[in-house]
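None of the figures in this text is laboratory data; all of them are computed from the coordinates on show. None of these values were measured; they are calculated from a predicted model. Every residue, glycine among them, receives a Cβ derived from its backbone with ideal geometry; neighbour counts consider all protein chains shown.
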Amino acid sequence: MCVSVPSKIVRITPGVLPMADVRVGEREVACCLAYVPEAEVGDFVLVQNGFAIELLDPASAAQSLSAFAELGLIDASADSMSAGLDDLREGEPLPVEQATVAHLQ
């Protein structure tokens, strides 16, 4: 089973195969947007094997990032990740025991 961490789109290069640079923590990686052509800069996506496979609404992205941080799987203290969580958070983070399988896929 593969687990994808929500990644924020920071740049899009349009074309036959649209590409994006996404931020994962403090790193930026490239991915293809062929499966989510409606994605825009600032959106969160799940990336698997170099392809953005799902567009996330802000609440789902915040819940997933909070769950990963609580489990110690990501470093929520990194400036870019903390800023992403703060931008998305509309209240208390979702407790890990309430996270669904969908949030971790």
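Descriptive notes on the structure:
- Computed E for residue 75/residue 28 - FRET, C-beta separation, R0 22 angstrom, nearest 0.05: 0.90
- Residues 22, 36, sorted so that the one with the fewest Cβ neighbours within 10 Å comes first: 36, 22
- Magnitude of the charge dipole for the stretch 6-56, about its Cα centre and with charges confined to Cβ atoms of Lys, Arg (+1) and Asp, Glu (-1), is about 120 debye.
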